Each structure stands twice: as structure tokens, then as C-alpha cells.
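Colleague: I have a structure I would like to understand better, so I am pasting it below and will then ask my questions one at a time.
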């Protein structure tokens, strides 16, 4: 198959782990990061090689036995053709905001909030409905959300196993990650914003960012869109990654 055809969420997660690496990576490393069996990872890697998303080489011999296979991304290729059309624009806009905005993180947060409001025209009135709306939006935009088991009455923890704008996020995390956070706040704002608060930890785990959703007190629109501790979480996490 040729680049541009859709791939499964799990295969996309394997691809993204390879893309995040600064050097070629082994099957064992990928399997450990994604908690998958090595044979499952090999199957995905073989398919990704067939589609020319990644390359395979061999490590230098260190003794008896076959050298380990190493895998590297082909120019961080994005498998979703819808996303590829906008990646160059996202890079350009992120760079422009970084150069011109007095506070790039806050500017990105506000722009993302307006974007999120436009994505969620319908009104919701309960915390669960708001959470479902956020998760549906994440899935539709290609983030491959995975809800982690949590204790009752605790924050909902969501692993974002893909980033549709990974290259831009790596180059301009303060802008791109805050834009995504603002977008999710905008989505959650439809008549139930008071019910759910969102925090994001960018690159919090190997191959995933983490989103936290929890019940929140009443917040004004300005408070929800402020450069608060949840936004700073994104900023701090991305600066050290």
C-alpha cells in the first residue's frame, strides 16, 4: 500500500514512537514504551516499512548472533493525508506566534479556545456529556485518545497516543500544545464549562501526552482562558522534554 492510506490507531502509535526518537530504535524499546508484545510490534513495523513510513537497518555487530534490527522514521511522515495538508501551515503559524506575540503561550491558548468553540456548536448540560464530547473531538481529530482506569470521583486520565501535528509540537511546544489545550477548553465550554476542568501534560509519557478532566467550580470565560496552572503544566512539561 502507498502512503496516504489510513492505518489503525495502534499502528499509528508505533509509528509515532519511532518518529519521536532522535536515533534508530529497536523492537524491544518500542514494545516497552507501548506495553505491546514484541511480535505485535514487528508486525506493525513490517507494515509500516511496506508503506514506506519507516526504514530498517541493522546495528553494528557486537558478537555472535544476528545484529539487532533498528528502525527510523522516513522524514517523520504523517500517515493521515488530511493532516499533511495543514502541517506546513501549522508550522508557519506557530513560528509567527512565537516571533510576534508578547506571550506566545497565552496567544495560542486564546486562539485554540476560539477554534474549540467552533468545533462544538451543540450544547451539553452534564459533566459526562462534556467529557464524551471532548473524547469524541479528540478521536475525530486523530489524537487516538485512550481513557486510563481511575478511582471513582477522581480525575479522568486520557492518554493521547498520537499528535496530528507532532513535528510542529516538537519545534514549537509552547504554542502548539497550548493551542490544543485551548481548543479542548473551547469544546468543553458549551453550557457545561463549569462542570469540567482540563489540564494537559505534554510528552508526559513515552509516546503519549496526558489530559486530565475533572469536576470544576464555576469559572468565568476569562478564568477558563487564563494562563493558569493547567497551562503552565503544558509549558513546563514541553520545555524539559
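Colleague: So, R0 is 30 Å and r is the distance between the beta-carbons of residue 72 and residue 140; what FRET efficiency does that work out to, to 0.05? Please list the in-between numbers first.
Modeller: Working: r = 30 Å, r/R0 = 1.00.
According to the calculation, E is roughly 0.50.
Colleague: Mind jotting down the distance between the C-alpha centroids of region 131-176 and region 86-111, whole Å?
Modeller: 20 Å
Colleague: Could you rank the peptides 140-146, 170-176 by their average count of other C-beta atoms within 10 Å per residue, with the highest value first? Before the final figure, lay out the partial values.
Modeller: Working: 140-146: 18.0, 170-176: 21.7.
Ranking the peptides 140-146, 170-176 by packing returns 170-176, 140-146.
Colleague: Normalise the Cα radius of gyration of region 9-73 by 2.2 N^0.38 Å (N = residues in it) and let me know the number. Kindly include the intermediate steps, with their values, before the conclusion.
Modeller: Values: Rg = 11.4 Å, N = 65, 2.2 N^0.38 = 10.7 Å.
Working it through for region 9-73, the quotient is 1.06.
Colleague: Taking the Cβ-Cβ separation of residue 57 and residue 86 as r and a Förster radius of 30 Å, what is the calculated FRET efficiency to the nearest 0.05?
Modeller: Numbers: r = 31 Å, r/R0 = 1.04.
After rounding to 0.05, the efficiency reads 0.45.
Colleague: Take the Cβ-Cβ distance between residue 28 and residue 49 as r, set R0 to 22 Å, and report the resulting FRET efficiency rounded to the nearest 0.05. Could the numbers behind the result be given before it?
Modeller: Working: r = 18 Å, r/R0 = 0.80.
With R0 = 22 Å, the Cβ-Cβ based efficiency is 0.80.
Where a number appears in this text, it was derived from the coordinates with a stated rule and is not lab data. Please read these numbers as outputs of a predicted model, since none were measured by experiment. In this analysis, Cβ positions are derived from the backbone assuming ideal geometry, glycine residues included, and neighbour counts consider all displayed protein chains.
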